[in-house]
1. What translational diffusion coefficient, to the nearest whole µm²/s, does the stretch 185-316 have by Stokes-Einstein, given a Kirkwood radius computed over alpha-carbon pairs, a temperature of 20 °C and 1.002 mPa s viscosity?
2. Please list, in order along the stretch 151-166, the HN-Hα scalar couplings obtained from phi with the Karplus expression 6.51 cos²θ - 1.76 cosθ + 1.60 (θ = phi - 60°), rounded to whole Hz, x for Gly and Pro.
3. What's the magnitude of the charge dipole for the chain around its Cα centre, counting Lys and Arg as +1 and Asp and Glu as -1 at the beta-carbon? Answer in Debye, nearest 20.
4. Kindly report, to the nearest 10 Å², the accessible surface of GLU157 as traced by a 1.4 Å probe over protein heavy atoms only.
5. Could you state how much accessible area ARG139 has, in square angstrom rounded to the nearest 10, with a 1.4 Å probe and all protein chains kept in place?
6. For the stretch 339-440, build the convex hull from the C-alpha positions and give me its volume per residue in Å³.
7. Given a cut-off of 21 Å, what percent of all Cα-Cα pairs of the stretch 395-537 lie beyond it?
8. Mind ordering 656-666, 561-571 by average Cβ neighbours within 10 Å, highest first?
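The values are calculated or read from the model by the stated rules, or taken from the named source; none is laboratory data. Only a predicted model underlies this, so the values are computations on that prediction, with no experimental measurement involved. All Cβ positions, even for glycine, are placed from backbone atoms using ideal geometry, and neighbour counts span all protein chains on display. Note: accessible area is taken over every heavy atom of the protein model, side chains too, but ligands, DNA and RNA are not part of it. Shrake-Rupley method; radii C 1.70, N 1.55, O 1.52, S 1.80 Å.
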Amino acid sequence: MTEIVLKERFWKSKKVWYLVLFIFIFLNLFSKFYYLPEESIYGDEAYSIYHAQKPLSELVDIFLHDQNPPMQIVTLHYWMAAFGVTDISAKSFSVILSVLCSIVLLFFSKKFLNKEATIYVSILFLLSNVQLFYSHEVRTYAMVQFLCICSFYFYFELIYRPSKGKISMLTLINLLLLFSHYLTIFILVTQFLCVWMYFKNNRKGVISYIVSGFLLVILFLPWLKILIANLPKNGSFWMSTPHFGELKIFIFMLNGNELLFFIFSGIILSSVLMILLNKRFRFFVKEFDIKKYTIFLVLYLLPIALDFIVAQYSPVFLLRYFLYSSIGLFLVVAYIISNLNIMAPIRVLLFLPLLAFLLIAFDAKPQKEDDWRSLVSQVKSLQNKKTIVLISASYKFKDFCFYYDLPAFKDYNNSLKRLEQQNVFCPLGGFFDWKGVDVDSVDQILFVQAHRQFEDPKEKLKENILDKKFRICSEYSERNITLTIFKREGLDCNPLKIIGEQLPTKNEFWKIQTGIREQLLDTVLVYSTDMEPNPLFGLPYGIIEGIAKSGNFSSKIDSHSEYSVGIVKSIKDDLKGFREINISANTFYEEGSKGRVVVSVERAGQILYWKDAFISDKLKTPKEWHEMVFSTIIPDDLPDDCVLKVYFWNQDAKPAYVDDFQIKLSKVL
């Protein structure tokens, strides 16, 4: 009895809850800010920052024709006015909103659930990969999470303790939700459907909620015409109608991964069975409220289902659009475990395996779509007076300009003009007219391409550059961005001063040279082979005679001999910090061949890094010899005991041929 009293006093102690609050605020701040300085803006973040820096008077026309409501850009405008136009400043706004969400979630759970559930739900939110990912994004999604839990806080307050002030607060918050993202309408649908469970016992609260909803409709009605006018239509929007495969992937991501999805689903399905049998077996404590359980479960499931159905007619189905469903998931799981009719220590023990799986799945440094900061740094290192830079798609000039010339980015009315003064051009719609460019004085073109599928799906810009007597020297593809380096025909791609050479011995194919790049003054290792075998040792695996670009031999790759000649090098002993890999080879392929070049890093049979490119994607004309180039940069955090492999590979019956294979290894500057 004394122990129970002490426990009650412990949990009721204000000092304890201040400590709990401090711990979760600190952990949320730490986890969300720790890697923030390393992140680049990406996706639509540049769009948000670019417009949010403008005076609000200039944004009215944008708001009237945008498919997104104005709340996020308006609030970001004032935030950046206070803290500056920087990537860290802009991203910090979302981080702060996410941390505020965790605080309100804690207070909500403490007030309307129970103290044990409060701890569980706070942990689930803290270790959520999707919540962490979008807490760094300069878009509206962190704001939606914050407003969502605020809305449910006043939703419950209004039902249990109705008042005019709470009607006003719920109306205001739900209005802000709609002006943050239109698909938050599914939150309001959830609240409306579930409120009727309280009609019998909390009639005044339900009527107060109806009044709040009526006021919300009146206040939002003037904006409805703008919303309808800007709704995306199938075939006219960058997204397409989703299928069940996408639904499955997004649900797995929302849960954390596939394993966590099955764990959470198992908990929820088991709870349904226990509720059905609860009168007989008392699986749950008497304080368990089926209404709250239902609301949290509906908040988890209904928005996903409704968004998927709506997206069949208007393509608006992405994980971030129903990210707030994860709050319903966390609440229902925490509520189930904390209300099990067993001793508290056993409930904690049941939660510990879930905690272990959450920690294993947690990704403190999630990979984002693009890294414009690194890309722009690379462009700057390559640029000289005889270089022009082309940016495609045209709207991606914002991302590029942000890191290339921030003052030009801030001078938003003249950003493009100021870029052109620095020989940076943004072709519109996949077409470049070369006006104002003295092509004869240009030796190098750096072509930065993102979202090719929208503005240049047939790669007309590349063809246009090649028609101007340039050739591709290197091509780096990283996620959604490709940097292609063109040099004028007749010029060396990377002029090297050779300072050492090792010729092939016995049945080795590779000539190894050490050189210094004249432009960058760094050391380069060059592995090259013309595929001509030593006549004393016969024909090695995959080498055939009669089809060749130079000499008489080439490496044939098909289903019978899948792998070309290649290199295998130790990361620690051979590369010694060399991470940039530039590949060139003369290639010839039969139409339909699946031949590709591969760069992989492996350890004990496990692939740690993989980058490849199909020959047919790089060279559009089959049955002709053409030079293929491919470049990549391997990560800098690979273990010492792994190996780098570079080779061509083809499992298809239709062959491809490789000749004059050259691999250059250098350090990233």
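1. Numbers: Rh = 18.0 Å.
In µm²/s, the coefficient rounds to 119.
2. Per residue, the Karplus-derived 3J(HN,Hα) values read 4, 5, 4, 7, 4, 5, 4, 5, 5, 7, 9, x, 7, 5, x, 6 Hz.
3. Values: 72 positive and 65 negative charges, 733 e Å.
Taking the Cα centre of the chain as origin, the dipole is about 3520 debye.
4. Counting only protein heavy atoms, GLU157 exposes about 10 Å² to solvent.
5. Estimated to the nearest 10 Å², ARG139 gives 30 Å².
6. On the way: hull volume 19.7 nm³, N = 102.
Convex hull volume per residue, Cα atoms: 193 Å³.
7. Working: 6015 of 10153 pairs.
I get 59 percent for the Cα pairs in the stretch 395-537 exceeding 21 Å.
8. Numbers: 656-666: 23.9, 561-571: 18.1.
Top of the packing list down: 656-666, 561-571.
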